[in-house]
Every structure is written in C-alpha cells, then in structure tokens.
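Input: a single structure, listed below in structure tokens.
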Amino acid sequence: MASALPFTPQAFFELFAVYNETLWPIVAAIWLVTMAAVLAAQHDPARHGRSLTALLAALWAWNAAVYQAWLFTRINPAAWLFAGLFAIEAALLATAAREGLSFFSRDGLAPRAGVLLIVYAFAYPLLTVASGHPYPAAPTFAVPCPTTILTIGLFLTVPALPWRLVVVPAFWSGIGGSAAVLLEVKTDYVLLGAGVSLLAMSVMRYLPRTMRSSPE
C-alpha cells in the first residue's frame with residue numbers, strides 16, 4: 001500500500017533519523033517546555049492561556065520550517081504546500097495568542113477526550129518506539145502528527161473555538177491519518193478520530209447559534 005505514496009517507507013523513516021540525531025536536545029527541550037506549559041494552563045487557565053496559545057503557534061511554525069520545508073521536501077514536493085499550511089496555522093494561533101484561548105475551561109465529554117489526546121501526544125515518542133519503530137528512525141515529538149494530536153486535544157477543552165483555527169488541524173488529521181495507514185505508523189491512527197472529534201465539536205457549537213438566529 002505504501003506504493004500509493006511518492007516516497008518509500010525507508011526514505012520516510014530516514015528523515016526522522018536525521019531529525020532526531022541532529023536536533024534531539026532541542027526536541028527534548030520542546031517536549032519538556034510544552035508539558036510544563038500545558039500543566040500550568042490546566043492549573044490556572046486564565047493566567048496561562050495566552051502563553052500556551054503562543055507556544056502552540058511556535059510549534060506549528062517549527063513544523064513548517066524544520067520538518068516540512070527542511071526535511072520532508074527532500075522526498076515529497078507536496079511538503080512545500082504542507083509547510084505553507086502549517087505556517088498559516090502558526091500565524092492564526094499567533095493572532096489568537098493576543099487574547100489567549102481558554103484552555104481547560106469547559107466540562108463534558110469533549111474536554112475529557114481532549115485530555116486523553118494531550119496525554120497521548122506527550123507519550124507519543126515512547127508509544128511509537130514500543131509499536132516497533134526503532135529510535136532514531138521513528139517519529140518523536142514536535143513533528144506534524146503528535147503536534148496535531150496535541151493541538152486538537154487542547155482545542156477540545158476550549159469553550160469557544162474560532163472556526164479559522166480548526167481547518168488546518170482537521171485537514172492534517174486526514175492527510176497524516178491516511179498516510180499512517182499506508183506506512184503502518186500505528187501511533188498516528190488516532191489522528192483520524194481526533195480530526196472527526198474536532199469537526200463534530202465545532203459543528204455542534206455552530207448549529208445552536210445558527211438555529212437561534214434563524215427567523216421563525
């Protein structure tokens with residue numbers, strides 16, 4: 001099935017070997033800083049929402065420049081398009097950071113699912129290795145799929161999420177999730193369900209406002 005992709009599985013996983021061997025101190029620092037920021041926002045959402053939104057913007061910018069433009073373009077010309085999309089999401093999040101998103105500020109099934117996705121995103125490097133992809137030729141942290149899982153998980157905890165922030169993560173959940181099936185990256189299968197959950201939550205929030213504004 002991998003023949004449906006414009007690159008071989010070997011070439012794909014070799015990119016992660018380059019990423020991890022070259023950048024591992026930075027990747028480890030990003031993992032720790034992101035975890036600390038999420039824990040701080042969970043403890044005090046009002047105080048740390050702006051900084052966590054800015055950190056998400058930086059994560060998407062890192063993915064655009066480092067993974068998509070620097071690495072993935074070596075084996076897939078479409079990565080230039082993906083780099084542009086990730087840069088757009090970074091810019092949208094940077095704009096949203098001026099006020100900050102209200103993470104961990106709602107109750108219900110969606111935020112509970114969001115917390116599970118957040119925990120999964122931080123455990124992602126260990127789960128990937130445990131599933132049979134030997135380090136360093138394995139996806140770890142601050143690459144597109146775990147970044148998208150983390151972002152969607154956080155978005156599910158936000159009471160009022162702007163539609164403009166939903167589009168790129170939902171799109172990548174489809175792209176990354178389908179590629180995961182072809183490449184047998186089992187830890188990325190979660191992406192498909194995460195994207196569906198994000199779209200469903202967004203539609204459910206939008207429909208009541210539409211119905212209330214409709215003339216009787």
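Can you list the DSSP H helices in the chain whose Cα atoms extend at least 18 Å along the helix axis and whose mean Kyte-Doolittle hydropathy is 1.0 or higher? Provide the component values of the computation, followed by the final result.
On the way: long enough: 9-43 (42 Å, 1.07); 45-62 (26 Å, 0.37); 79-96 (25 Å, 1.80); 109-130 (30 Å, 1.66); 167-183 (24 Å, 1.62); 190-213 (35 Å, 0.86).
Those that clear 18 Å and a mean of 1.0 are 9-43, 79-96, 109-130, 167-183.
For the peptides 167-178, 56-67, the ranking by mean Cβ contacts within 10 Å, running from highest to lowest, is 56-67, 167-178.
Going toward the positive end of the dipole of the chain, with +1 on Lys and Arg Cβ and -1 on Asp and Glu Cβ, which of Gly176, Leu5, Ser131 do you reach last? The Cα lying farthest towards the positive end belongs to Gly176. The dipole here belongs to the chain: it is taken about the Cα centre, uses +1 on the Cβ of Lys and Arg and -1 on the Cβ of Asp and Glu, and is about 500 debye.
The tail of the calculated P(r) for segment 146-199, taken as Cα-Cα distances beyond 17 Å, holds 29 percent of the pairs. Applying D = kT/(6 pi eta Rh) to segment 12-213, where Rh is the Kirkwood radius over alpha-carbon pairs, T corresponds to 10 °C and eta to 1.306 mPa s, the Stokes-Einstein value obtained is 94 µm²/s.
We did not get these values from a lab; they are worked out from the coordinates using the rules stated. None of these values were measured; they are calculated from a predicted model. In this analysis, Cβ positions are derived from the backbone assuming ideal geometry, glycine residues included, and neighbour counts consider all displayed protein chains.
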